[in-house]
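The values are calculated or read from the model by the stated rules, or taken from the named source; none is laboratory data. Quantities reported herein were computed from a predicted structural model and do not represent experimental measurements. Counting neighbours? That spans all protein chains shown, and the Cβs are built from the backbone with ideal geometry, glycine included.
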Amino acid sequence: MAKHGGNTKAKTTAERKASFLTVLSRKAGSVTDACKAINVGRHTYYDWIKVDEEFKAACEEITESLIDNAESKLHKAINNGQAWAICFFLKCRAKHRGYVERQEVSGPDGGPSMFHIVFESPKEKP
C-alpha cells in the first residue's frame, strides 16, 4: 500500500498486472524475478494466467520477443561465419536434410547388441 496525502490506496489487480508485465520485460522473462520485484507470489501470477487471457497473451508476447531477439543474434553469428552457430542451426532446422546427431549402439565388431533387463519388486518400507 502506498500513502498519498494521508489516504491509503491499494494497487488494483489491473495495476499490479501492468507493473508485472513491465518488470517481466525488464527481467528478461524471469517470472520469479518479476514476482519478487513487485512483491507478488508465483501462485498469484499463475492464477492471473489461468483467468485472464489478455494478461496471458501479453506474457507470451514478452517471451516471443525474447526468442526473436535470441534468434536475431543467432543469425548474426551465422552471418559472421561462427561455426557453432551454423552447426546449431543446421541440427535444429535442417534435420530433414540429414543434419542429425545419432548414436548407434552395436555389439563387438559391429554385431548385434544384447541387453539384459532386470525387473525388481519395490522394496517394502521398514
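Residues of the range 37-49 that are assigned to a loop (DSSP other than H, G, I, E, B) and surrounded by 15 or more Cβ atoms within 10 Å (Cβ to Cβ): Val40 alone. Pull up the range 7-31, narrow it to residues that are β-branched (Val, Ile, Thr) and more than 17 Å from Glu60 (Cβ to Cβ), then point me to the one that is surrounded by the most Cβ atoms within 10 Å (Cβ to Cβ). Residue satisfying both the conditions and the ranking: Thr13. Enumerate the pairs (first residue in the range 100-115 and modelled with pLDDT of 85 or more; second residue anywhere and among the hydrophobic types (A, V, I, L, M, F, W, C) and exposed (fewer than 10 other Cβ atoms within 10 Å of the Cβ)) with beta-carbon separation below 9 Å, excluding pairs fewer than 6 apart on the same chain, so at least 6 apart or on different chains. Short answer, once both residue conditions are applied: Ser113/Val105.
Scanning the range 78-101 for residues that are part of a helix (DSSP H, G or I), exposed (fewer than 10 other Cβ atoms within 10 Å of the Cβ) and of a type in the set (Gly, Ala, Ser) gives a single hit, Ala83.
Considering Ala34, Ala57, the condition of being buried (at least 16 other Cβ atoms within 10 Å of the Cβ), among the hydrophobic types (A, V, I, L, M, F, W, C) and free of Cβ contacts under 8 Å to residues at least 60 places away in the same chain is satisfied by Ala34 alone.
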